[in-house]
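Undergrad: My questions all concern the structure below.
Throughout, read-outs are computed from the coordinates displayed, never taken from laboratory work. Everything numeric here is computed off the predicted structure, so don't read it as measured data. Using ideal geometry, Cβ is built from the backbone for each residue, glycine included, and neighbour counts are taken over all protein chains shown.
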Amino acid sequence: MQNKIWLKAYAYTTLIMFIAALVFSIKLHAEVNSENKNMKEMPLPFDPEQSMKYLKEICDIGTRISGSEGIIKQRILIKKHFEALGAKVIEQEFKAIQKSTGRPTPMVNMIITWHPTARERVILCSHFDTRPFADQETDPKKRKGTFISANDGASGVALLMEMGRHMKNLNCNIGVDFVFFDGEEFVFDPDDEYFFGSKHFAREARKNTQAIKYRSAVLLDMVAGKDAKFPIEQNSWWKAGPIVREVWSTANQLKIESFKLNEFSRVAVEDDHTALNNGGIPAIDIIDFDYKHWHKLSDTPEQCSGETMAGVAKVLGSWIQRQH
Ligand SMILES: [Zn+2]
C-alpha cells in the first residue's frame with residue numbers, strides 16, 4: 001500500500017465537517033439495522049489461537065515475493081486448506097512486467113468461492129505477497145534481511161483461513177468470494193507500478209458481469225497488530241461510503257473497539273481497494289496504517305494478536321449475513 005501525503009491537508013480541512021455527518025448517519029444506520037436484524041444471524045465462532053497458528057505457519061515459509069518459491073508454497077497451503085473445507089479454489093494466472101525489472105513475472109490471484117452458483121456476490125480480500133525488502137529500514141544492512149511481513153501479508157490470509165472453517169454454518173443469502181491478490185508488494189523503486197493483482201482481477205470481473213455481479217468488497221490489510229486501531233480510511237469513505245457505514249456500524253453494535261467510528265485515517269491510503277473501485281467494484285479498506293513495524297524486519301508474529309483478528313472477523317461474519 002502507498003499513501004498520498006499531499007492529500008493530508010485537504011483531508012484535515014474536510015474532516016471536522018464530515019465527522020458530524022458520519023457519526024449521525026452511522027448511528028441512524030445502526031438503529032435501522034438492529035430493528036431489521038436477521039434473526040438467523042450466527043455469531044462467528046472465530047478461534048484467535050487457531051488464527052495465530054495459521055499466521056505462524058505462513059511466516060514459517062519465509063519471504064513470499066511474487067514469482068518466488070515461497071509464494072508457490074503458500075499457494076499450495078491455501079489451496080489445500082480451503083478445498084478441505086469444501087470451497088472451490090480458482091487460480092487466476094497472469095504475467096506482470098514491473099518498470100524497474102523489465103521482465104515478465106508470473107503472478108496468480110487466488111479466488112476461494114463459497115456458494116459458487118449465486119450471481120450476486122461480495123468479496124473479502126487481502127494481498128498475499130510480501131515486499132522484496134523491508135523498505136522502511138534505514139540501515140542498508142537491515143534492508144537486505146529476511147522480511148517475513150507477518151501483519152502486512154500473512155494476517156489477511158490467516159484471518160480468512162480461520163473464518164473459512166465456519167463459512168458453511170453462516171446464514172449467507174449471497175455468494176462470498178475470498179480473494180488473495182498477488183503483486184501488491186512487487187515494488188523495487190518508488191516509481192514502480194502498484195496493485196498488479198487487484199487491477200487484473202477487476203479487469204477480468206468486468207468481462208464476466210453476466211455470470212457474476214460483485215456488489216462490494218472489503219479489503220483487509222494489517223489486521224492483526226497488537227492494539228490495532230481501524231479508523232475510517234479516507235478513500236473508502238469517498239469511494240464507497242455506504243459500505244463503510246454498514247461495516248463500522250456493525251462493529252459498533254458488536255462493541256469491537258478496534259474500529260474507530262469517530263476517526264478518519266491520517267492519510268488517504270492507496271491500496272488494492274483503489275484498483276477495485278477504479279474497476280467498478282465498490283470497495284473499502286480495513287487497515288491499521290499506524291502499525292509501528294510496517295515494512296520493517298520487526299513485522300513478525302510476536303507483534304500480532306489473534307484477538308485483533310477475531311474482532312475484525314466477527315464484524316465481517318455479521319456483515320456478510322446482513323447482505324440480502
Ligand atoms: Zn505493505
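Undergrad: If packing is taken as the mean number of other Cβ atoms within 10 Å per residue, what is the order of 146-153, 131-138, highest first? Each step should come with its number before you reach the end.
TA: On the way: 146-153: 24.9, 131-138: 17.5.
Result, highest mean Cβ count within 10 Å first: 146-153, 131-138.
Undergrad: Could you list Met42, Met163 so that the one with the fewest beta carbons within 10 Å of its beta carbon is first and the one with the most is last? Mind dumping the intermediate values first?
TA: Values: Met42 14, Met163 24.
Ascending number of Cβ neighbours within 10 Å: Met42, Met163.
Undergrad: Quick check for you: which residues of region 266-290 have the amide N under 19 Å from the point 7 Å beyond the Cα of Lys213 toward its beta carbon?
TA: Hits in region 266-290 for Lys213 at 19 Å: 277, 279-283.
Undergrad: How high is the relative contact order of the chain, in percent, with contacts defined as C-alpha pairs under 8 Å that are six or more residues apart?
TA: Details: 663 pairs, mean separation 89.5, N = 324.
Rounded, it is 28 percent for the chain.
Undergrad: Taking the convex hull of the alpha carbon atoms in the chain, what volume per residue do you get, in Å³?
TA: Values: hull volume 39.8 nm³, N = 324.
About 123 Å³ per residue, rounded to a whole number.
Undergrad: Something else: Residues with beta-carbon under 11 Å from that of Arg119, excluding Arg119: net charge, scoring Lys, Arg +1 and Asp, Glu -1?
TA: So the environment of Arg119 carries a net charge of +2.
Undergrad: What's the FRET efficiency of Thr101 with Lys40 using the Cβ-Cβ distance as r and R₀ = 41 Å, to the nearest 0.05? Write out the running numbers ahead of the final one.
TA: Values: r = 51 Å, r/R0 = 1.23.
Using R0 = 41 Å, I get an efficiency of 0.20.
Undergrad: Suppose a student asked you for the relative contact order of region 38-150, using Cα pairs under 8 Å spaced at least 6 residues apart; what percent would you report?
TA: Numbers: 110 pairs, mean separation 29.9, N = 113.
Across region 38-150, relative contact order equals 27 percent.
Undergrad: Would you mind telling me which residue in Ile232, Ile112, Ile90 has the biggest mean-square fluctuation in a Gaussian network model of the chain, where springs connect alpha carbons within a distance under 10 angstrom?
TA: Checking each option, the largest mean-square fluctuation is seen for Ile90.
Undergrad: For His115, His127, what's the fewest-to-most ordering of other Cβ within 10 Å of each Cβ?
TA: Working: His115 17, His127 31.
Lowest count first: His115, His127.
Undergrad: So for the pair Thr146, Glu120, with labels modelled 7 Å out along Cα→Cβ, what separation do we get in nm?
TA: 4.8
Undergrad: Between Asn169 and Glu204, what is the label-point separation in nm under the 7 Å Cα-to-beta-carbon projection?
TA: 3.2
Undergrad: Where does each of Trp319, Trp238 land when they are ranked from fewest to most other beta-carbon atoms within 10 angstrom? Don't skip to the answer; put the middle values down first.
TA: Values: Trp319 20, Trp238 14.
The most exposed by this proxy come first: Trp238, Trp319.
Undergrad: Using the basic label-point model (7 angstrom from Cα toward the beta carbon), what is the Ala84 to Lys229 distance in nanometres?
TA: Placing both labels 7 Å along Cα→Cβ, they lie 3.9 nm apart.
Undergrad: Are there trypsin sites (Lys or Arg not before Pro) in region 67-135 that DSSP puts in a loop and that have at most 12 other Cβ atoms within 10 Å, and which ones?
TA: On the way: sites: Lys73, Arg75, Lys79, Lys80, Lys88, Lys95, Lys99, Arg119, Arg121; in loops: Lys99, Arg119.
In loop regions of region 67-135 (DSSP not H, G, I, E or B), the sparsely surrounded trypsin sites (Lys or Arg not before Pro) are Lys99, Arg119.
Undergrad: Continuing with the same structure: Placing unit charges on C-beta atoms (Lys and Arg positive, Asp and Glu negative, everything else neutral), compute the dipole magnitude of the chain about its Cα centre in debye, rounded to 20. Please report the intermediate quantities before stating the final value.
TA: Numbers: 42 positive and 42 negative charges, 132 e Å.
Once rounded to the nearest 20, the dipole reads 640 debye.
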